[in-house]
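Single-structure report; data block below.
The values are calculated or read from the model by the stated rules, or taken from the named source; none is laboratory data. From a predicted model like this one, the values you see are computed outputs, not experimental measurements. Cβ placement follows ideal geometry from the backbone for every residue including glycine, while neighbour counts extend to all protein chains displayed.
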């Protein structure tokens, strides 16, 4: 018995030592119900924390001690809320929270000024905090499969944003500030209630190559009449021409993929 306990303690100590030396803590599919305290005790040593597919219901306030963490992956758990102390993780570049039960994001999210990727699809969000506009380095935002009815006006201040995914929500209004996103390449709003998009979106978003509005009450004719449509069409075709030249596989939708519009049936 004593020998078994000793081996278990040695194994645990070795694991913690490995985490400390590599900065990577990977505990996927470990049937965890609570945050492992030995991870929180590592504090500044943690660079990546992956707790995907466990049974975590809570993110502890003490997570704020992991101030050097750059990548936080908590997908496929049972998390309902995030602590305000999350704002202390100012080294964070990637945060993935897909497949949880989160109903709201704290205002302190805006303090994560180095964040480049935020994915929180398949949750229960009814709104996004206005402070999201402080995320000036954000490249990817995925809020698909939530309960959003709108996007905050402040999203237009996410100047680095290249890809916005907001499929499968109840979004009706697209803020005019979206036109400020001159680096936006891909906008996906499938299966919402969008009736129109800002009239100058195609003109002002000069990097936009792909827009998908499948399953919305908006007509292709409306889209084609927008200012900047010919320029958008040229960018879209140029993108696919490059893919063909590079022998990149194109999906079955072919050259229509860049503009996916379909009127929702009554």
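For the range 195-204, state whether one or more residues are at pLDDT below 85, in contact with a strand residue (DSSP E or B) (Cβ under 9 Å, 6 or more places away or on another chain) and surrounded by fewer than 14 Cβ atoms within 10 Å (Cβ to Cβ).
No, the range 195-204 has no match at all.
Listed by position, the strands (runs of 3 or more DSSP E) enclosed by the range 55-126 that each have at least 3 residues that are modelled with pLDDT of 95 or more and within 20 Å of residue 166 (Cα to Cα) are 94-96, 117-119. Take the residues in the range 27-54 that are in contact with a strand residue (DSSP E or B) (Cβ under 9 Å, 6 or more places away or on another chain), part of a loop (DSSP other than H, G, I, E, B) and in contact (Cβ under 8 Å) with a residue 24 or more places away in the chain; name whichever of them is surrounded by the fewest Cβ atoms within 10 Å (Cβ to Cβ). The selected residue is 28.
Being more than 14 Å from the chain's Cα centre (by Cα), modelled with pLDDT of 95 or more, over 27 Å from residue 91 (Cα atoms) and not in a loop (DSSP other than H, G, I, E, B): is that true of residue 170 here? For residue 170, the condition - more than 14 Å from the chain's Cα centre (by Cα), modelled with pLDDT of 95 or more, over 27 Å from residue 91 (Cα atoms) and not in a loop (DSSP other than H, G, I, E, B) - is not met.
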